[in-house]
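Accompanying notes for the structure given below.
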Ligand SMILES: NC(=O)c1ccc[n+]([C@@H]2O[C@H](COP(=O)([O-])OP(=O)(O)OC[C@H]3O[C@@H](n4cnc5c(N)ncnc54)[C@H](OP(=O)(O)O)[C@@H]3O)[C@@H](O)[C@H]2O)c1
């Protein structure tokens, strides 16, 4: 076991995090997986014994610290941490809802901050390895009926860029993961057509290739869609708004 590399993935009970855990486990990494639903993490362990459950609610600061301590005590050396937890509530986003906005921020933004807080000193001393944060192309610009989600991802993307500057000096790679639409329980809630939607396994392959590279900041996919979203980001607001409004009319949203 000592020879195997170790990765910690949060948000690994379903969707992208789960597919990524299976990908790394299949090629022989030790994978510590976290999320709230312990039974789903146990199922992953039954599927592949390289996967080890460490149940966690990322909104709990102390639990984040103690879970990472447990992982470190067990495996000694952690190579990569991927923070993949996230929630979206498209129904609540159609109208301003302060409670939901706070909840989404609490998980998507502060949940990741709590996770980073738990590993910060370790990577400061280690001076190698990688911290990777799953944001979204939804963080590029404000999208209709997704204000809380877009804002949480936009904050996450900016924070990750800032963290890159700091950790580079300590020889720790920071990477940002910006997926387009991936079919998961999260996107199953959407009631509109999702262009170029891909499978969680596709996402896992893309993320794996990006993570094992020696360098690079943003891992984004599928490329045709994400480059288009990058193009929308540089448009003046007036053109961007017209373009999105036209699209919404077309799908009657
Ligand atoms: N699917 C897409 O199209 C897409 C696109 C761009 C970005 N993303 C991002 O990719 C990440 C994964 O999303 P997904 O699509 O794979 O959705 P998903 O299947 O719903 O996965 C979300 C994961 O987050 C975990 N989670 C939620 N709240 C948590 C909490 N308080 N503490 C610990 N874990 C928590 C969930 O596990 P438990 O419920 O068991 O805790 C689950 O494992 C998210 O950050 C999402 O924003 C997704």
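Beta carbons closer than 6 Å, at least 6 apart along the sequence or on distinct chains, pair a first residue in the range 69-84 that is closer than 14 Å to residue 173 by Cβ and part of a loop (DSSP other than H, G, I, E, B) with a second that is within 14 Å of the ligand (Cβ to nearest atom) and at pLDDT 95 or above for 78/8. Criterion first (out of contact with any strand residue (DSSP E or B) (no Cβ under 8 Å at 6 or more places or on another chain), surrounded by 14 or more Cβ atoms within 10 Å (Cβ to Cβ) and not in a helix (DSSP H, G or I)) does residue 87 satisfy it? It is true that residue 87 is out of contact with any strand residue (DSSP E or B) (no Cβ under 8 Å at 6 or more places or on another chain), surrounded by 14 or more Cβ atoms within 10 Å (Cβ to Cβ) and not in a helix (DSSP H, G or I).
In the range 226-249, the residues that are under 23 Å from residue 135 (Cβ atoms) form Cβ pairs under 6 Å with partners that are not in a helix (DSSP H, G or I), at six or more places apart or across chains, as follows: 226/180; 226/220; 229/140; 233/140; 233/141. Checking 178, 154 one by one, the residue that is crowded, with 17+ Cβ neighbours inside 10 Å, over 23 Å from residue 7 (Cβ atoms) and either touching a helix residue (DSSP H, G or I) at 6+ places or on another chain (Cβ under 6 Å) or at pLDDT 95 or above (or both) is 154 and no other. Checking 202, 192, 165, 159 one by one, the residue that is more than 10 Å from the ligand (Cβ to nearest atom), surrounded by 13 or more Cβ atoms within 10 Å (Cβ to Cβ) and more than 28 Å from residue 101 (Cβ to Cβ) is 202 and no other. Please pick out the residue among 131, 212, 219 that is within 16 Å of the ligand (Cβ to nearest atom) and more than 19 Å from residue 68 (Cβ to Cβ). Checking each option against the conditions leaves just 219.
Here the range 1-24 is the region considered, the condition is being in contact (Cβ under 8 Å) with a residue 12 or more places away in the chain and assigned to a loop (DSSP other than H, G, I, E, B), and the residue that is farthest from the ligand (Cβ to nearest atom) is 2.
Condition check ((1) more than 14 Å from residue 6 (Cα to Cα); (2) more than 11 Å from the ligand (Cβ to nearest atom)) across all residues:
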residue: 26; (1), (2): no, yes
residue: 30; (1), (2): no, yes
residue: 34; (1), (2): no, no
residue: 41; (1), (2): yes, no
residue: 51; (1), (2): no, yes
residue: 63; (1), (2): yes, no
residue: 77; (1), (2): no, yes
residue: 92; (1), (2): yes, yes
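Yes or no: the range 116-126 includes at least one residue that is at pLDDT 95 or above, over 21 Å from residue 5 (Cα atoms) and more than 10 Å from the ligand (Cβ to nearest atom). The answer is yes, given that some residue of the range 116-126 is at pLDDT 95 or above, over 21 Å from residue 5 (Cα atoms) and more than 10 Å from the ligand (Cβ to nearest atom). For the range 32-49, a tally of residues being under 22 Å from residue 212 (Cβ atoms), surrounded by 21 or more Cβ atoms within 10 Å (Cβ to Cβ) and over 16 Å from the mean Cα position of the chain (by Cα) returns 1.
The values are calculated or read from the model by the stated rules, or taken from the named source; none is laboratory data. Being a predicted model, the structure only gives us computed values, none of them experimental. Here Cβ is always computed from backbone atoms with ideal geometry, including for glycine, and neighbour counts include all displayed protein chains.
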